[in-house]
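Enquirer: The structure under discussion is supplied below as C-alpha cells; questions concerning it will follow.
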Amino acid sequence: MKKLRVLLVDDEIMIREGFKRLFDWEAHNCEVVGEAADGMEALAKIDSLRPDIAIMDINIPIMNGLKVIQMSRLKHPDTAFVIVSGYDDFSYCREALRLQITDYILKPVNYEEFGTCIDNLKIALFQRRTSRQDDPQEGRTIHGITRFLQEHLTEEISLSVLAEKFHLNPQYISQLFKSEIGVGFLAYLTNIRMEQAKKLLLTTSLSIAQVSEQSGYGDYRVFTKVFKKTEGITPSQYRRDFWEKEQSHGDSICKRQ
C-alpha cells in the first residue's frame, strides 16, 4: 500500500510542529506533504498537493475549516478530513458529521488515540476504494475476506478460521491486511466491531450485553474493556453523552423559538 499523503492545517505553528515531531507518521505508512495556516492557503494546498488526508483545525483565519472542507468536497471528493479542535461544541460536531468528517479530535491531542484514528481512516479509504473499482487478484481476495467479516461479525473469527474458509495460509492473510489496507487483521476486526457497537448504542435500546453479543463479543466485560480503550469512555457513557447532547441541543432550539 502506498504511503498516504497528509496536509496539516492549523494557524498555530507549534501545533503543526507537534504533529510532525510527536507522531510517528512513518509507522502508520503516512507522510506529511504540506502545511497551511489559514483557510485560503488550505484550499490552495489541497488543490496543488491533492492529499489523501487533511488534518484540519476549525478556527483558522480568513475562512474556517468547515467552510474549507465544504468547498474542497466539490473538487476533491476523495480527500479524507479529520477535524482537530479546541472546542467541544455540539453544533460543530453536527456540522462535521453532515460533511462526513472521518473524526473529530479535541486538543490537546492524545497521539495514541490519533494513531487509532489514522488507522481507522485507512480502513475507510480501503472500503471506499474497493467499493467502486476493479481490483487485481490480491485486492479481490482481501475484499472478499473483509466482506465475509462484515457478514459474520457476531461469530468467533480468527486468522485460522479465515484460512480454512478461503483456503489460504494464515500468514498470507495477515500480510494481505498490512499490504492492502495498511493495518493488521486484529485492528481491522476491532474497528468494524466498534463501528457496529456505536451504531447499535445510538440507534437501539439494546442492553450493553446485547450490543456486546451483536458486535462479536461473547463476554460483555471484554467488550467494555475494548470499547473504553478504543473510544476513551465506556459504552454506557458513550450512549449517555450522545443523548444528553441531543437533549441539550433540542432544549436550545425550543428556547430560541
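Enquirer: Within the set Lys2/Lys45; Lys2/Lys199; Lys178/Lys199; Lys178/Lys198; Lys3/Lys198, which residue pairs have Cα atoms separated by over 23 Å? Walk me through the numbers on the way to the answer.
Expert: Numbers: Lys2/Lys45 20 Å; Lys2/Lys199 31 Å; Lys178/Lys199 26 Å; Lys178/Lys198 25 Å; Lys3/Lys198 29 Å.
Lys2/Lys199; Lys178/Lys199; Lys178/Lys198; Lys3/Lys198, as the Cα separations exceed 23 Å there.
Enquirer: What residues qualify as long-range amide H neighbours of Ala36, i.e. H under 5 Å apart, gap of 5 or more or another chain, H built at 1.01 Å from N?
Expert: Residues meeting the criterion, in which the H sits 1.01 Å from N, are Leu8, Val9, Asp10.
Enquirer: Then there is this: Could you point to the residue in Ile157, Gln171, Ile142 farthest towards the positive end of the stretch 136-176's charge dipole, with +1 and -1 charges on the Cβ of Lys/Arg and Asp/Glu respectively?
Expert: Ile142
Enquirer: Packing-wise, with mean Cβ within 10 Å as the measure, how do 154-161, 223-230 rank, highest first?
Expert: Ranked by mean Cβ neighbours within 10 Å, highest first: 223-230, 154-161.
Enquirer: Highest first, please rank the peptides 60-66, 43-49 by the mean number of other Cβ atoms sitting within 10 Å of their residues.
Expert: Descending packing order for the listed peptides: 60-66, 43-49.
Enquirer: For Ser85, what residues show an amide H to amide H distance below 5 Å, using hydrogens built from the backbone and excluding near sequence neighbours?
Expert: Here Ile105, Leu106, Lys107 satisfy the definition.
Enquirer: In whole percent, what relative contact order does the stretch 123-195 give with Cα contacts below 8 Å and a gap of six or more residues?
Expert: 33
Enquirer: Moving to a separate point now. Tell me, what is the per residue accessible area of the chain in Å², probe radius 1.4 Å?
Expert: Solvent-accessible surface per residue comes out at 55 Å².
Enquirer: Could you compute the net charge surrounding Lys165? Neighbours are other residues with a C-beta less than 14 Å from the C-beta of Lys165; K and R count +1, D and E count -1.
Expert: Numbers: positive: Arg147; negative: Glu151, Glu155, Glu156, Glu164.
Here the charged neighbours net out to -3.
Enquirer: Return the carbon/sulfur percentage of the accessible area of the chain, one whole number, probe 1.4 Å, all protein chains in place.
Expert: It is 51 percent, rounded to a whole number.
Enquirer: When the helices in the chain are scored as -39500 (n - 2.57) per DSSP H run of 4 or longer and the sum is shared across all residues, what 222 nm value do you end up with, to the nearest 500 deg cm²/dmol?
Expert: Details: 12 runs with 151 residues, N = 257.
The helix contribution divided over the chain gives -18500 deg cm²/dmol.
Enquirer: Given Phe114, Tyr104, Gly216, which one lies farthest toward the positive end of the charge dipole of the chain, if we put +1 on the Cβ of every Lys and Arg and -1 on the Cβ of every Asp and Glu?
Expert: The Cα lying farthest towards the positive end belongs to Gly216.
The values are calculated or read from the model by the stated rules, or taken from the named source; none is laboratory data. Please read these numbers as outputs of a predicted model, since none were measured by experiment. Here the Cβ is made from the backbone with ideal geometry for all residues, glycine too, and neighbour counts use every protein chain on show. Remember, those area values only see protein heavy atoms, side chains included, never the ligands or the DNA or RNA. Shrake-Rupley method; radii C 1.70, N 1.55, O 1.52, S 1.80 Å.
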